[in-house]
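Below is one structure, written out as structure tokens, with a few remarks after it.
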Amino acid sequence: MAQLTILEFPDPRLRTVAEPVTEFTPALRQLIDAMRATMYSAKGIGLAATQVDVHQRLLVMDVSNEQDDFQVFINPEIIQRSGEQIYEEGCLSVPSIYASVKRAEQIRVRAQDADGNSFEKDLEDLAAVCLQHEMDHLQGKLFVDYLSPLKQAMVKKKLAKQRREATASVA
Ligand code: GNR
Ligand code: NI
């Protein structure tokens with residue numbers, strides 16, 4: 001199965017706002033399969049199309065421990081939200097950075113499946129965190145955007161250092 005390349009912060013393509021999916025074609029299914037393979041191989045619990053440089057409103061997730069609850073949300077909309085939770089988030093596009101973010105505790109999502117059929121689903125706890133995190137990606141937003149300017153500067157420095165060291169070890 002084809003693996004896709006995951007864009008990393010501060011790549012400007014991560015800031016692209018995705019367009020709605022309008023055609024439910026075999027090519028869309030192939031993209032979903034490739035995103036599934038990429039998410040599992042990167043050991044992520046979610047992946048937004050934006051992260052693989054496809055700017056369509058599509059995300060995949062699996063927050064189960066057994067990796068047996070694969071879910072696809074196409075053109076997702078949050079139609080209800082309640083409560084608050086603070087969770088220590090990470091992101092495949094911001095490697096080895098973790099920070100607490102406050103989000104809704106329970107959400108109701110309306111979306112379409114790979115056939116274009118509309119459905120609604122209630123999510124809470126980690127599933128709600130993950131879906132909100134992925135929907136931010138579709139708007140060009142990253143979890144580090146919620147941090148203070150000082151913390152954002154620290155994140156950029158740490159990533160630059162990581163990249164320098166990764167390059168040095170290859171030389
Ligand atoms: O794998 C991931 N783990 C995670 C942990 C806490 C909050 C959100 C996430 S999503 C992330 C995968 C990712 O970057 N999706 O966009
Ligand atoms: Ni992410």
What number comes out for the charge environment of C91, summing +1 per Lys or Arg and -1 per Asp or Glu over other residues with Cβ under 15 Å away? +1
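In nm, what is the difference between 0.36 nm times the number of residues separating T5 and K102 and their Cα-Cα distance?
Contour length minus Cα-Cα distance gives 32.1 nm.
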For F70, F9, which order do you get if you count the other beta carbons within 10 Å of each Cβ and list the fewest first? F70, F9
Mean-square fluctuation maximum in Gaussian network of the chain, Cα pairs under 10 Å, restricted to R36, R110, R57, hits R110
For F70 and R163, what does the FRET efficiency come to when R0 = 22 Å and r is the distance between their Cβ atoms, rounded to the nearest 0.05? 0.10
Could you check the simple spin-label distance between M154 and V170, using points 7 Å along Cα→Cβ, in nm with one decimal? 2.9
In whole Å, largest first, what are the principal axis extents of the Cα atoms in the chain? 49, 39, 32
Partner lysines for K151 [C-alpha distance under 30 Å; skip if fewer than 8 residues away on the same chain]: K43, K102, K141, K161
Estimated FRET transfer efficiency when R0 is 22 angstrom, pair A42-R13 (beta carbons, to 0.05): 0.80
Relative exposure of L4, L59, judged by other C-beta atoms within 10 Å (fewest first): L4, L59
Provide the FRET efficiency to the nearest 0.05 for the T25-Q80 pair, computing r from the beta carbons and using R0 = 35 Å. 0.70
So if I place +1 on the C-beta of Lys and Arg and -1 on the C-beta of Asp and Glu, and nothing else carries charge, what would the dipole magnitude of the range 13-146 be about its Cα centre? I want it in debye, nearest 20. 420
Sorted from fewest to most neighbouring beta carbons within 10 Å, what does the list T38, T50, T25, T5 look like? T5, T25, T38, T50
Note: probe point = Cα of H55 + 7 Å toward Cβ; backbone nitrogen < 15 Å; residues of the range 134-171 passing the test are 137-141
Hey, what's the Cα Rg ratio for the range 1-93 versus the globular rule of thumb, 2.2 N^0.38 Å? 1.11
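Rule-based calculations on the coordinates, nothing more; no lab input. Quick caveat, the model's predicted, so the values are computed rather than measured. Here Cβ is always computed from backbone atoms with ideal geometry, including for glycine, and neighbour counts include all displayed protein chains.
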